[in-house]
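Colleague: My questions will all concern the structure given below.
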Amino acid sequence: MRTTTYLSIALGLALFIALIAYYGVGELAAAVATAGWGLLGVAAYRSVTLGANTVAWRVLFPAANRPGFAGLLRLRWIGESVNSLLPVGQVGGDFVRARLAARQGISGADAGASTVVDFTLGLVTQVLFALIGVALLLRAGVDGQQGRTLLVGILVATLAVAAFYAAQRLGLFRGMAGLVGKLLPGRAWQSLAGDAAAFDRRIMDLYHSRRRVFLAGCWRMIGWLLHTGETWLAFYFLGVPSSLANALVLESLGAAVRSAAFVVPGALGVQEGGFVVLGRTLGLTPETALALALVKRVRELLVGGPGLAAWTVLEGEGLLRLMSRKSEQSATGDRQ
């Protein structure tokens with residue numbers, strides 16, 4: 001696994017460097033510099049999409065003990081930062097936000113189940129978002145072969161999402177725990193399998209709460225559509241005229257390319273190459289498409305860097321609380 005990660009990083013970095021070198025470091029740097037302080041505006045806009053996705057996640061918690069919006073927003077921000085900047089296959093951040101939620105007093109079952117369902121809804125709505133992008137491309141008269149290729153890609157993604165949902169219905173986590181138990185037999189692992197079975201049931205109970213799932217799905221879809229605004233803003237600050245339709249096509253299909261390249265940390269290089277290909281379809285020069293991709297990379301650093309710092313702070317606070325509890329337990333034991 002580690003070898004695969006290092007190899008994917010190397011290949012992605014090589015592609016990234018090759019694209020930058022081929023189209024000119026100076027020209028691209030000058031294009032990105034055109035955005036100036038607008039880069040901060042693009043980064044600030046991210047709070048809008050994070051807010052919509054946080055509402056989607058929050059809706060999935062039981063109304064009786066639903067966490068506050070501000071607390072979940074911070075965890076959502078940290079999770080996205082981990083996914084964007086660390087080699088975690090674009091899913092590690094979701095594990096992080098679920099674990100942090102549980103450590104902050106939220107029921108572990110609620111935190112885990114809501115995160116799994118929210119992640120699944122994110123995949124489903126992303127497929128719908130990509131379909132909208134393809135429909136706009138076809139309406140604009142894109143080459144028929146390109147359109148069919150994109151539709152095949154979306155069909156494959158749909159089947160993958162359906163398989164993931166089916167695995168959840170069949171007891172995904174119970175099966176994973178059972179496999180680990182066979183490889184590492186012992187009482188602790190048998191207990192893990194039992195906990196996993198209860199976790200699977202909690203996930204399915206949440207899916208049966210159709211109103212909550214529907215509302216969460218709507219908010220995830222709103223979140224994807226709001227992403228279009230980030231791309232449009234990037235175009236605006238780069239001084240490139242663009243319609244919302246073109247921005248939506250680039251955002252929806254660019255996000256699909258990024259998700260498909262999950263084995264490459266941050267889809268480094270792959271995302272940039274995807275923007276060049278998609279940009280050509282929309283009549284953009286490769287330099288403009290690459291400048292847009294680089295603006296998005298800058299946004300990732302501006303938003304994700306502080307997010308990773310916030311994660312470090314939370315982990316430090318958790319470690320201090322754990323040490324404090326152990327110290328109190330030790331003192332109690334000594335008195336007894």
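Colleague: From Leu13, Leu75, grab the single residue that is open to solvent by less than 60 Å² (accessible area, probe 1.4 Å) and assigned to a helix (DSSP H, G or I).
Modeller: Step by step, each of Leu13, Leu75 is checked, and only Leu75 is open to solvent by less than 60 Å² (accessible area, probe 1.4 Å) and assigned to a helix (DSSP H, G or I).
Colleague: Let me ask another. Is the stretch 265-278 home to any residue that is out of contact with any Asp or Glu (no Cβ under 6 Å at 6 or more places or on another chain), open to solvent by 20 Å² or more (accessible area, probe 1.4 Å), assigned to a loop (DSSP other than H, G, I, E, B) and under 27 Å from Ser81 (Cβ atoms)?
Modeller: Yes, the stretch 265-278 contains at least one residue that is out of contact with any Asp or Glu (no Cβ under 6 Å at 6 or more places or on another chain), open to solvent by 20 Å² or more (accessible area, probe 1.4 Å), assigned to a loop (DSSP other than H, G, I, E, B) and under 27 Å from Ser81 (Cβ atoms).
Colleague: Test each condition in (1) modelled with pLDDT of 90 or more; (2) open to solvent by 40 Å² or more (accessible area, probe 1.4 Å); (3) closer than 21 Å to Leu50 by Cα; (4) in contact with a helix residue (DSSP H, G or I) (Cβ under 6 Å, 6 or more places away or on another chain) for Gly217 and report the one that comes out false.
Modeller: Every condition holds for Gly217 apart from (2).
Colleague: So how many residues does the stretch 143-161 have that are among the hydrophobic types (A, V, I, L, M, F, W, C), open to solvent by less than 80 Å² (accessible area, probe 1.4 Å) and farther than 16 Å from Arg280 by Cα?
Modeller: So the answer is 5.
Colleague: For Ala140, all conditions in the list (1) at pLDDT 90 or above; (2) surrounded by 13 or more Cβ atoms within 10 Å (Cβ to Cβ) hold save one; what is the number of the exception?
Modeller: (1)
Colleague: Which residues, counting only those in the stretch 57-95, are of a type in the set (A, V, I, L, M, F, W, C) and under 26 Å from Ala293 (Cβ atoms)?
Modeller: Trp77, Ile78, Val82, Leu85, Leu86, Val88, Val91 - these are the residues of the stretch 57-95 that are of a type in the set (A, V, I, L, M, F, W, C) and under 26 Å from Ala293 (Cβ atoms).
Colleague: If we scan the stretch 171-184, do we find a residue that is under 30 Å from Leu253 (Cβ atoms), in a helix (DSSP H, G or I) and at pLDDT below 70?
Modeller: For the stretch 171-184, residues under 30 Å from Leu253 (Cβ atoms), in a helix (DSSP H, G or I) and at pLDDT below 70: absent.
Colleague: If Glu287 passes every condition in (1) closer than 22 Å to Leu50 by Cβ; (2) surrounded by fewer than 17 Cβ atoms within 10 Å (Cβ to Cβ); (3) in contact (Cβ under 8 Å) with a residue 60 or more places away in the chain but one, which one does it miss?
Modeller: All conditions pass for Glu287, except number (1).
Colleague: Might you check whether a residue that is in a helix (DSSP H, G or I), open to solvent by 50 Å² or more (accessible area, probe 1.4 Å) and out of contact with any helix residue (DSSP H, G or I) (no Cβ under 6 Å at 6 or more places or on another chain) occurs anywhere in the stretch 102-117?
Modeller: Taking every residue of the stretch 102-117 in turn, none turns out to be in a helix (DSSP H, G or I), open to solvent by 50 Å² or more (accessible area, probe 1.4 Å) and out of contact with any helix residue (DSSP H, G or I) (no Cβ under 6 Å at 6 or more places or on another chain).
Colleague: Would the stretch 136-155 turn up any residue that is in a loop (DSSP other than H, G, I, E, B) and closer than 21 Å to His208 by Cα?
Modeller: No; the residues of the stretch 136-155 include none that is in a loop (DSSP other than H, G, I, E, B) and closer than 21 Å to His208 by Cα.
The values are calculated or read from the model by the stated rules, or taken from the named source; none is laboratory data. Computed from a prediction, not measured in an experiment: that's the story for all the values here. Note that each Cβ is placed from the backbone with ideal geometry, even for glycine, and that neighbours are counted across all protein chains shown. To get the accessible areas, we keep the full protein, side chains included, count just its heavy atoms, and leave off ligands, DNA and RNA. Shrake-Rupley method; radii C 1.70, N 1.55, O 1.52, S 1.80 Å.
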